[in-house]
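To start, the structure itself, in structure tokens.
The values are calculated or read from the model by the stated rules, or taken from the named source; none is laboratory data. Since the model is a prediction, treat every value here as computed from it, not as a measurement. FYI the Cβ positions are ideal-geometry reconstructions off the backbone, even for glycines, and counts take in every protein chain you see. To get the accessible areas, we keep the full protein, side chains included, count just its heavy atoms, and leave off ligands, DNA and RNA. Shrake-Rupley method; radii C 1.70, N 1.55, O 1.52, S 1.80 Å.
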Amino acid sequence: MSKQQKQIVYFLFFSILLLVGCRSSNQSIKIGLNTELTGEAPAVGASCVKAATLFVNKMNQDGGVDVGGKKKPIELIIADNGSKADEAVVVAQRLITQNEVVAIVGPNISSCAVPASEISENMGCLMISPWSTNIHTTTKNDGAFKKYVFRACFTELVEIPLLAQFAMSHLHLAKAAVLYDMSSESPNSAAHQFQESFLKAGGKIVAMETYTSQDRDFSAQLTKIQASHPDILFIPAYYNDVPLIAEQARNLGITAQFLGYNSWSTPEIIQLDSHHYLDHAYFSNHFSTESDSPLVKKFIQSYQSTYGTAPDDIAALTYDTMGLIVESIIKAGSLNRTAIANMMANIEDFTGVTGTYKFHQGNHDPFKNVIVLTIENEKFVYVTTLQPE
Amino acid sequence: MDFTPEKQSPILEVSLLNKNFGGMRTIIDLSFELAPKECLGIIGPNGAGKTTLFNLLSGIIRPSSGKILWFHQEIQKKSSSEIVHLGIARTFQNIRLFKQLSVLENIRIAYDIHLTYTPLQALLRTALTREEEKKSAQAAMELLDVFSITSLAHQPAGSLSYGDQRRLEIARALALHPRLLLLDEPAAGMNESEMYQLVELLQWIQKKFHVSMLLIEHHMAFINGLCDRTLVLDFGTLIAQGTLEEIRHDRRVIEAYLGEAVT
Amino acid sequence: MDYIIQQVINAIQLGSIYGLIALGYSLVYGVLSMMNFAHGDLFMLGAFFCLLLEKIIPLPLWLALLLTMLVIGCLGALLERLAYRPIRHAPKVSAIITSLGCGLILENITLAMSPYPRHMPTLFQNSIFHFHGITISSLQIIVIGISLLLMILLDVMIRCTTLGMVIRALAWNRLMVSLLGIPANRIISFTFALGAALGAAAGLLYALTYPVVSSSMGIAIGWKAFIAAVIGGIGNMRGALLGAFILGSTEVMSITMLPSTYRDLIAYSLLLIILIFKPYGILGEPPTQKI
């Protein structure tokens, strides 16, 4: 054996020892983070990691989580799913089987969350998506809820009808056009939900146009939309497409009110929209930093002091997700995955930074309020809160 | 039998050249010399290694062993483009013109060897001075004139008749200003009268451009009209050399062409 | 009517960007008979380089364009020298895999440097003109203008200069070119650089028009331009442009006449039909004996 080969063998040997060493530290509560650090939505992943880390540091500084009378620290295992469905599945499997986590936070975007939820459901490990609003994240094909999968945000079923109503009754605009990314799950279902709700609310849909992910030129679709003279242009699209659509629409002479939904809610959208085409656009959202609640103020303050920026709603939802998991662990009094998931389903009244959570009647989607924001002077500005019926 | 027409030192010396393809020995211990302005014919049955010899001389393939001396300089390891720059140009048994380029462009691209140094230079050069290009176009036209294909100058080379394509290929090789021209079956596919025209043309070229020639050909009349001396190859070995008259009576040559039956 | 004219303008703009990229595929295929699948990523690097350049020193458009083309052109030549030349005589599959791999490497280097999509600064004051319901911006005019100018320059170079003649000859028979004493490798490097520079120019113009720059921006459009090059007849420059404008107008036309959901379905079905009738592309010729 050459010297180099020997070195490699030693290296491998110690690596294995290290790995085994990690495995044996059963003292901590392992929570996995399956999130979008690269790919089409890296801003989402970054906020998610920041909020989760903030929460874990706070809990660990306070001595950890009480599990059946014993205080245990939380260990956060962060994994990147590249904003891709297949990688999200691999990450979920790895977190459950190799890292042996008790619960998984994420993925956030629905195209990743839906396939990853199947893994959690099949392997019996609690998964809470902070931000995925797609129906299929928490439900099976037959409509029943998956036993182990929850979400911390409202769904499009709650959000979009309220947004459509807002457009009709608050803005008094009744002719809407929709331009959406048909190759992504969430924008696609949001577009169709909007179409249904807006018609039901008495409005008229004058154009439904689509594009596919990676498209940058929307001029043909927008020219068609312009010919239909809408009052509203609803743009369910990921944040990096929205400024391009807005710019091209305005340049083509479209004057319609822009309307968006929760996928817009990251400061990146403002950075990309350097010419303020999105000013005075409205969008529905989970969270606003302009809340009076002391809990929210405290959260914003510690987030701001740690990271230098205000939390976006993914951060807020992730923070609440972590809170929900810890609440369930404390109630379960053990690190048994099934026990934790059972406790989660029974949460009736958990107050987080994005509102009060209620998972009643076996529903794994929380009932929560929807906040409407607008963009002004490079800031998200609070407009109103819409209450679900 | 050492035969040189004049007591001048040879321009090309091939010594103990060997080429193996896998286990196949295609050229075996081949040695010969070529005097200035000499025209040397190469004959032999199919598979004798004639084209392989040309490929070795033009640098397309490397010999397994042996030396090729060009003006006393070893060239057996040089690349084909270096060899062209040293003054050895060739034509092919199956014509290799740039068929989608025009006749004139086929000649001009050969003149390019004198014009182009680096692509960037070429780009700037053509942008700045059209003078040299004009010159090369003029020289190319003159050459076409010699080969009497001027009227076809702007046709795509692929549209020419077989005989004209052969002539164009020779003209293109001449445009490289070679000191040695390797012609691989230049008369293949030509009729009798075209062949005699080509013989006359090559005789005239040899005098006018002071160029030596190595010539692979099956037509004895063609060899007879042009070559001072002829080499006979069989299975990669040199079995005879001399004037056609001498070769014709060589026992091994008769054997090679007619088979072992003749004793 | 103005609606149709507006869509025609949209199609021309899309087609000219596809065209600049498709030229790169065709140039490289012409001299090397290989598909440079990393070309879409050279396009992306063009946009990124210009973005970085403008962050450091704000330059006027023409200077930024020249510098970007120069630097990415050199990078293209370097790519050829380091990655493609060593495997030139390897089976075709190896060349394809190498180019795909190079593309992924370039993408991931950019991703590592900048995981977030960036906003491209505007390099000049964009103004918008309206005539009788038709809208056109000065940016559109400039983008279409620069693209057409580059296309014409390339066409003139290929057809009328000695260098262009050598590039055309290389496409026919590489061995014969070196037998004429022309340093074929240098010309190949140069052609690669030329293709990369055109791709980078397209990337820059694209980023100006759609000002979000991300590491994955070259993938989808790279494939589309590749398809355009094949439709037009790969290896043929005018074919690449023709294919690009056909692709651009088919996309826009299918949105104009049908729900946009069917855009790619219609566009690519039509292109497949073209290939059934013209298997070597519209201006492509069946390969005749080569070497």
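Could you order C:Ile9, B:Ile254 so the one with the most accessible surface comes first? Probe is 1.4 Å. Don't jump to the answer; show the numbers that get you there.
Working: C:Ile9 25, B:Ile254 55 Å².
Most to least solvent-accessible, the answer reads B:Ile254, C:Ile9.
Equivalent ellipsoid semi-axes for the stretch B:183-263, as square roots of 5 times the alpha carbon gyration tensor eigenvalues: give them largest first, rounded to whole Å.
One finds semi-axes of 26, 14, 11 Å for the stretch B:183-263.
Under the definition of partner shielding as Cβ atoms of other protein chains within 10 Å of a residue Cβ, what is the mean value for peptide C:149-162?
Whole-number average of other-chain Cβ neighbours for C:149-162 is 2.
I'd like the mean, over residues of A:281-289, of how many other protein chain beta carbons sit within 10 Å of each residue's own Cβ.
0
On the accessible surface of chain B, probed at 1.4 Å, how many percent belong to carbon and sulfur atoms?
52
Can you give the convex hull volume of the alpha carbon atoms of the stretch C:191-270 per residue, in Å³?
On the way: hull volume 8.5 nm³, N = 80.
It comes to 106 Å³ per residue, whole-number rounded.
How big is the dipole moment of the protein assembly as shown about its Cα centre under a simple scheme where the beta carbon of each Lys and Arg is +1, that of each Asp and Glu is -1, and everything else is neutral? Debye, nearest 20, please.
1600
Which of C:Cys102, C:Cys50, C:Cys160 moves the most in a Gaussian network model of chain C with Cα springs under 10 Å?
In this elastic network of chain C, the residue with the biggest mean-square fluctuation among C:Cys102, C:Cys50, C:Cys160 is C:Cys160.
Round to the nearest 0.05 the FRET efficiency obtained for A:Ser183 and A:Gln361 when R0 = 25 Å and r is the Cβ-Cβ distance.
That gives a FRET efficiency of 0.15.
Which values, in whole Å and largest first, are the semi-axes of the equivalent ellipsoid of the stretch B:130-250 obtained as the square root of 5 times each eigenvalue of the Cα gyration tensor?
So the equivalent ellipsoid measures 31, 16, 12 Å along its semi-axes.
Which order do the peptides A:28-36, A:101-109 take when ranked by the mean count of other beta-carbon atoms within 10 Å per residue, highest first?
With the highest mean Cβ count within 10 Å placed first, the list reads A:101-109, A:28-36.
In Å and from the alpha-carbon atoms only, list the Rg and Dmax of the stretch B:14-82.
11.9, 37
Remind me, what semi-axes does the protein assembly as shown give for its equivalent ellipsoid, largest first in whole Å, using sqrt of 5 times each Cα gyration tensor eigenvalue? Could you put the intermediate results ahead of the total?
On the way: eigenvalues 1056, 234, 93 Å².
For the protein assembly as shown, the ellipsoid semi-axes come out as 73, 34, 22 Å.
Which value, to two decimals, describes the C-alpha radius of gyration of the stretch C:52-171 once divided by 2.2 N^0.38 Å?
For the stretch C:52-171, the normalised Cα radius of gyration comes out at 1.43.
Taking the 0 to 90 degree range and rounding to the nearest ten, how far is the long axis of helix B:162-175 tilted relative to the main principal axis of chain B, both from C-alpha atoms?
Helix B:162-175 sits roughly 80 degrees off the main axis of chain B.
Any idea what the dipole of the stretch A:239-367 comes to, in debye rounded to 20, about its Cα centre with Lys/Arg Cβ at +1 and Asp/Glu Cβ at -1?
The calculation lands at about 360 debye.
Rounded to the nearest 100 Å², what is the sum over both chains of accessible area buried where A meets C, with a probe of 1.4 Å?
Chains A and C together bury approximately 2800 Å².
With a Förster radius of 35 Å, plug the Cβ-Cβ distance of C:Tyr280 and B:Ile61 into 1/(1 + (r/R0)^6) and report the FRET value to the nearest 0.05.
Here the calculated transfer efficiency is 0.65.
Just to verify a number: what accessible area does C:Trp223 come out at with the full protein assembly present, 1.4 Å probe, Å² rounded to tens?
120
Nearest 500 deg cm²/dmol is fine: what mean residue ellipticity at 222 nm does the protein assembly as shown get from its DSSP H runs of n ≥ 4 alone, each adding -39,500 (n - 2.57), divided by its residue count?
-16500 deg cm²/dmol
Using the alpha-carbon atoms, what tilt in degrees (0 to 90, nearest 10) does helix B:192-209 show relative to the longest principal axis of chain B?
Once rounded, the angle reads 70 degrees.
Given charges of +1 on the Cβ of Lys and Arg and -1 on the Cβ of Asp and Glu, with all other atoms neutral, how large is the dipole of chain C about its Cα centre, in debye to the nearest 20?
760
Can you flag which of B:Lys99/B:Lys135; A:Lys140/C:Lys224; A:Lys50/A:Lys358; A:Lys50/A:Lys140; B:Lys67/B:Lys99 are past 29 Å Cα-Cα?
The answer is A:Lys140/C:Lys224; A:Lys50/A:Lys140; B:Lys67/B:Lys99.
Counting only other chains, what is the mean number of Cβ atoms within 10 angstrom of the Cβ of each residue in peptide B:98-110?
Working: counts 11, 4, 6, 6, 1, 0, 1, 6, 3, 0, 3, 10, 5.
What the average comes to for B:98-110 is 4.
Past 25 Å, Cα to Cα, is the threshold; run B:Lys19/B:Lys208; A:Lys84/C:Lys278; A:Lys30/A:Lys71 against it and keep the listed order.
As for pairs spanning more than 25 Å Cα to Cα, those are B:Lys19/B:Lys208; A:Lys84/C:Lys278.
Taking R0 as 25 Å, what FRET efficiency do you get between A:Met123 and A:Asn346 from their Cβ-Cβ distance, rounded to the nearest 0.05? Don't skip to the answer; put the middle values down first.
Values: r = 22 Å, r/R0 = 0.87.
So the FRET efficiency works out to roughly 0.70.
What is the list of residues in the stretch C:237-273 whose amide nitrogen lies under 20 Å from a point 7 angstrom out from the Cα of C:Val8, following Cα to Cβ?
C:242-258, by backbone N distance to the label point.
So which aspartates and glutamates pass the test for B:Lys50, namely a Cα distance under 16 Å, with those fewer than 8 places away in the same chain ruled out?
Those aspartates and glutamates meeting the cut-off are B:Asp29, B:Glu33, B:Asp184, B:Glu185, B:Glu217, B:Asp234.
I need the trypsin sites (Lys or Arg not before Pro) found in the stretch A:104-189, filtered to DSSP loop residues with at most 14 other beta carbons within 10 Å of theirs.
On the way: sites: A:Lys140, A:Lys146, A:Lys147, A:Arg151, A:Lys175; in loops: A:Lys140, A:Lys146, A:Lys147.
Those that pass, being in a loop and sparsely packed, are A:Lys140.
Setting aside same-chain residues fewer than 8 positions from A:Lys175, which lysines have a Cα under 25 Å from its Cα?
Candidates past the 8-residue exclusion: A:Lys200, A:Lys204, A:Lys224.
Among B:Ser81, B:Asn191, B:Ser9, pick out the residue whose Cα is farthest towards the positive end of the charge dipole of chain B, where Lys and Arg carry +1 and Asp and Glu carry -1 on C-beta, about the Cα centre.
Towards the positive end, the residue furthest out is B:Ser81.
Determine by what factor the alpha-carbon radius of gyration of the stretch A:98-167 differs from 2.2 N^0.38 Å, reporting the quotient.
Rg over 2.2 N^0.38 Å, computed on Cα atoms: 1.17.
Assuming 0.692 mPa s and 37 °C, estimate D for chain A with Stokes-Einstein, Rh taken as the Kirkwood radius over Cα pairs, in µm²/s.
151
Helix by helix, which DSSP H runs in chain A go 30 Å or more along their axis at the Cα atoms and have an average Kyte-Doolittle hydropathy of -0.5 or more? Show your work: numbers first, answer last.
On the way: long enough: A:3-24 (32 Å, 0.79).
Span-like helices, by this rule, are A:3-24.
Over the stretch A:92-164, what is the relative contact order in whole percent, taking alpha-carbon pairs under 8 Å and six or more residues apart?
Answer for the stretch A:92-164 is 28 percent.
Among all helices in chain C defined by DSSP H, which have a length of 18 Å or more along the axis from Cα atoms plus a Kyte-Doolittle mean of at least 1.0?
Correct list, ordered by number: C:2-32, C:39-56, C:61-79, C:92-113, C:138-160, C:184-209, C:217-232, C:237-257, C:263-277.
GNM, chain C, Cα, under 10 Å: largest mean-square fluctuation among C:Ser254, C:Ser16, C:Ser216?
Evaluated over chain C, the most mobile residue of the options is C:Ser254.
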